[in-house]
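Worksheet: the structure to be examined is printed underneath.
Derivation of every value follows stated rules applied to the coordinates shown; laboratory data play no part. These numbers were taken from a predicted model, which means no experiment stands behind them. When we count neighbours, we look across all protein chains shown, and the Cβ atoms used for this are built from the backbone with ideal geometry, even at glycine.
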Amino acid sequence: MSGIKIRNVNEETSNANQLLHGEGQTVAMDPKKLKRVAASREYSQRYRLKQLQYIAQLETGVRALQAQMAVTYPRIKYANTQNSLLRAENSSMKKKLYDLSTELMMKEAEYHELKKEKDALKQLSVLYQSPIADTSEAKQQSFSQLVNIAKNQSGFNQFEGEARVPMMQDPDLENQFGSDVNNGENRNPM
């Protein structure tokens with residue numbers, strides 16, 4: 001088989017030895033140079049074929065990617081739409097959460113204020129329901145203590161001056177004894 005190749009190469013070299021030079025004159029060339037020229041042509045032809053195959057492979061890849069993009073692009077668009085809807089819902093829920101937490105804080109503050117007021121009123125009611133045997137001075141001291149406690153609480157800061165115990169008028173006592181308890185005057189002599 002190697003003998004066949006040698007004949008082909010020899011035939012090519014003999015044919016290539018007779019190149020036309022100028023105006024129809026043939027010039028003999030070196031067989032080594034002819035082999036290099038033939039090898040160079042063969043290499044160029046193989047290189048062009050490889051380039052064409054590579055370009056065809058790239059075109060096939062491009063078509064496959066375009067087909068894949070045609071399938072996935074609507075999915076991506078749908079996912080982006082869903083994402084934007086979820087972001088909008090998330091922001092509205094955050095706003096609602098903020099509003100509710102603000103409302104909760106206000107309600108808790110109001111609850112604590114009302115609880116303090118209830119405790120102060122409870123202490124006042126206990127003070128006024130105590131037996132009459134207590135002296136008015138002791139009542140006045142305990143009342144002033146309660147007023148001072150109330151002053152320290154928010155919402156009760158409208159009391160600026162010194163607290164005084166108001167004299168309570170009990171209409172039943174006035175009618176029963178016929179005199180004004182507060183003034184000590186007898187209005188209704190019997």
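Once you charge only the Cβ atoms, +1 for Lys and Arg and -1 for Asp and Glu, what is the size of the charge dipole of the range 29-111 about its Cα centre, to the nearest 20 debye? Each step should come with its number before you reach the end.
Numbers: 16 positive and 8 negative charges, 262 e Å.
That gives a dipole near 1260 debye.
Provide, as a two-decimal number, the C-alpha radius of gyration of the range 29-111 over 2.2 N^0.38 Å, N being how many residues it has. Walk me through the numbers before you get to the answer.
Details: Rg = 34.2 Å, N = 83, 2.2 N^0.38 = 11.8 Å.
Normalised by 2.2 N^0.38 Å, the Cα Rg of the range 29-111 equals 2.90.
At 7 Å along the Cα-to-beta-carbon direction for both residue 88 and residue 100, put a label point, then send me their distance in nm to one decimal.
2.2
Using 7 Å Cα-to-Cβ label points, what is the residue 44/residue 124 separation (nm, one decimal)?
11.4
Residue separation times 0.36 nm, minus the C-alpha to C-alpha distance between residue 56 and residue 29: what's the value? Walk me through the intermediate numbers first.
On the way: separation 27, 0.36 × 27 = 9.72 nm, distance 3.91 nm.
Full extension of this stretch gives 5.8 nm more.
Listed highest first by mean packing, meaning other Cβ atoms within 10 Å per residue, what order do 109-122, 89-102 come in?
109-122, 89-102
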